[in-house]
1. For Gln24, what is the net charge nearby, where nearby means another residue's Cβ is under 14 Å from its Cβ and Lys, Arg count +1, Asp, Glu -1?
2. So who's got an amide H within less than 5 Å of the one on Gln16, skipping anything under 5 residues away but keeping other chains? H placed 1.01 Å off N, in plane.
Amino acid sequence: MSNGHGTCLKCRGDVQVFGSRWCQECWYPGIDDGYQRYRDLIEEGHSRYQAKVMSGWGDPDEARDD
Ligand SMILES: [Zn+2]
């Protein structure tokens, strides 16, 4: 609620572009597909750590605390 734009789903930083789910530093072509694959793996019962490893989403080292 601080800036009215939102929070990046990847790094939880501020999003500069209204309506985007990603900040400029995280965004790349196909990021939505990668994120969907990550979410699908979680829905299939994998942990967030496993889902990151299997989908290539983000750095698995960052997920250890999840
Ligand atoms: Zn980001």
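The numbers here are math on the coordinates, done by the rules we state, and not lab data. What you see is a predicted model; the values in this text were computed from it and never measured. Positions of Cβ are generated from backbone atoms using ideal geometry, with glycine treated the same way; all protein chains shown enter the neighbour counts.
1. 0
2. Gln24
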